[in-house]
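Engineer: Starting off with a structure, shown below.
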Amino acid sequence: MDLLQKDVPILAKIYEAKCFYDSQNNKIILHYKNHVSNRTLVDSYNLQTTPPPNSSLYVIYDLQTGIFNVSTNPPTYTVSNSKVYVTSPINAEYDLDKVIIYGISWYEIDTAIDADINNILTQLSTFVRKQQADTITATHTFNPTEPGPAFQLGPNARNQLIEYLNADKVDGFHASQTPAPNTIPVAGDNGKINIDWLPQGIGSNSNADTVDGFHASQTPSPNTIPVADNNGKINIDWLPDGIGSNLNADKVDGFHASQTPAPNILLPLNANARIYDYVTKGSTVFN
């Protein structure tokens with residue numbers, strides 16, 4: 001019996017509700033039809049324990065959340081200003097047209113398993129239920145009447161990994177292993193991205209920070225790689241200076257130099273800053 005309709009007969013014009021107890025499967029089966037919105041709802045609830053024999057069952061069903069509350073004790077509630085205030089077996093407040101309070105008498109148990117309930121059981125196998133896990137084999141199309149999200153995730157479902165669920169885009173962009181404009185790079189089978197994803201050439205800004213661990217600079221400094229200036233020359237201060245610098249030319253205009261006289265040899269000054277020791281006229285050596 002629909003207890004609310006007994007207390008508020010006008011509700012019978014708004015909706016029709018039926019509740020059954022299926023003792024074979026120990027579950028409550030609900031069938032609801034709203035005459036105003038033409039909405040039909042079929043739902044079920046698996047009881048955690050088996051009710052005592054010949055006991056009545058009382059069902060409170062929240063039409064907004066799909067939550068069942070089932071007890072063997074009659075509920076305590078009051079109706080005021082289109083609100084239903086339940087104080088037992090739970091404390092809750094409902095809109096008058098958003099809750100079903102139903103009593104299943106012991107003698108109604110299993111006696112209503114006829115064509116009606118068989119039809120409801122058939123609907124249960126084809127409708128998506130709110131409180132029981134089901135396997136959906138059909139392909140569903142989500143198409144809201146107005147532009148907007150097809151569905152939303154509740155707090156417990158957010159930031160959870162769903163295995164094998166691939167997003168088509170990330171922030172509106174596709175992903176690929178093949179370089180393309182406005183595309184997210186994906187590493188290849190070797191764990192590396194294609195080199196063509198990177199800019200190349202002058203002005204590409206693809207700069208290494210160091211070469212073999214050394215920085216580069218136009219300014220001479222220790223452990224630094226020289227870089228030519230805007231004239232294409234390196235700063236002279238990069239080069240060693242002075243005696244012992246080992247900065248020696250091998251030849252001057254193709255000629256070697258030596259203090260020992262020899263053909264095609266440049267003559268450096270001797271210790272006295274002279275070259276007289278090496279100058280000859282006929283057979284006479286000039287000193």
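The values are calculated or read from the model by the stated rules, or taken from the named source; none is laboratory data. If you're wondering where the values come from, they're calculated on a predicted model, not measured in any experiment. Here the Cβ positions follow ideal geometry from the backbone for every residue, glycine too, while neighbour counts run over all protein chains shown. Only protein heavy atoms, including side chains, enter the accessible area calculation; ligands, DNA and RNA are left aside. Shrake-Rupley method; radii C 1.70, N 1.55, O 1.52, S 1.80 Å.
Engineer: With all protein chains present, calculate the accessible area of His174 using a 1.4 Å probe and round the result to the nearest 10 Å².
Structural biologist: Estimated to the nearest 10 Å², His174 gives 90 Å².
Engineer: Which lysines, on any chain, are close to Lys18 with Cα under 21 Å apart, when same-chain ones fewer than 8 places away are left out?
Structural biologist: Result set, ordered by chain and number: Lys6, Lys27, Lys33, Lys98, Lys130.
Engineer: Now for a separate question. Measure off 7 Å from each Cα along the Cα-to-Cβ vector at Ala257 and Ile136, then give the distance between these two points in nanometres to one decimal.
Structural biologist: 9.3 nm
Engineer: Here is a follow-up. What list of ³J(HN,Hα) couplings, whole Hz, do you get for region 214-224 from phi and the Karplus terms 6.51, -1.76, 1.60, once you set θ to phi - 60° and write x for glycine and proline?
Structural biologist: For region 214-224, the Karplus-derived couplings read 10, 7, 10, 7, 7, 9, x, 7, x, 6, 10 Hz, x marking Gly and Pro.
Engineer: Keeping every protein chain in place, order Asp134, Asp189, Asp250 by accessible area at 1.4 Å, biggest value first, i.e. largest first.
Structural biologist: Reading off the accessible areas and sorting them downward yields Asp189, Asp250, Asp134.
Engineer: How big is region 3-51 along each principal axis, measuring the range of its Cα positions in Å and listing the largest first?
Structural biologist: Over region 3-51, Cα extents along the principal axes are 35, 23, 13 Å.
Engineer: Which cross-chain or sequence-distant (5 or more) residues have an amide H under 5 Å from the amide H of Ile104, H modelled 1.01 Å from N in plane?
Structural biologist: Here Leu57, Tyr58, Val59 satisfy the definition.
Engineer: Could you give me the ³J(HN,Hα) list for region 73-82, computed from phi with Karplus coefficients 6.51, -1.76, 1.60 and θ = phi - 60°, whole Hz, x at Gly and Pro?
Structural biologist: My calculation for region 73-82 gives 9, x, x, 10, 7, 9, 10, 7, 6, 6 Hz in order.
Engineer: Give the long-range amide H neighbours of Ser23: residues separated by 5 or more places, or on another chain, with amide H under 5 Å away, using H modelled in the peptide plane at 1.01 Å from N.
Structural biologist: Excluding prolines and chain starts, which carry no amide H, the hits are Asp110.
Engineer: Let me ask another. Name the chymotrypsin sites (Phe, Trp or Tyr not before Pro) in region 146-231 that are in a loop by DSSP and that have at most 14 other C-beta atoms within 10 Å, would you?
Structural biologist: Here the chymotrypsin sites (Phe, Trp or Tyr not before Pro) that fit, given the DSSP loop and packing criteria, are Phe151, Tyr164.
Engineer: Which cross-chain or sequence-distant (5 or more) residues have an amide H under 5 Å from the amide H of Ile193, H modelled 1.01 Å from N in plane?
Structural biologist: Placed amide hydrogens put Gly188 under 5 Å from Ile193.
Engineer: Could you order Ile60, Ile193 by accessible surface area, starting with the largest, using a probe radius of 1.4 Å?
Structural biologist: Final ranking, largest accessible area leading: Ile193, Ile60.
Engineer: Given a Förster radius of 30 Å and the C-beta distance between Ile195 and His174 as r, what FRET efficiency does 1/(1 + (r/R0)^6) yield to the nearest 0.05?
Structural biologist: About 0.90, to the nearest 0.05.
Engineer: Net charge within 13 Å of Pro185 by Cβ-Cβ distance, Lys/Arg positive one each and Asp/Glu negative one each, not counting Pro185 itself?
Structural biologist: 0
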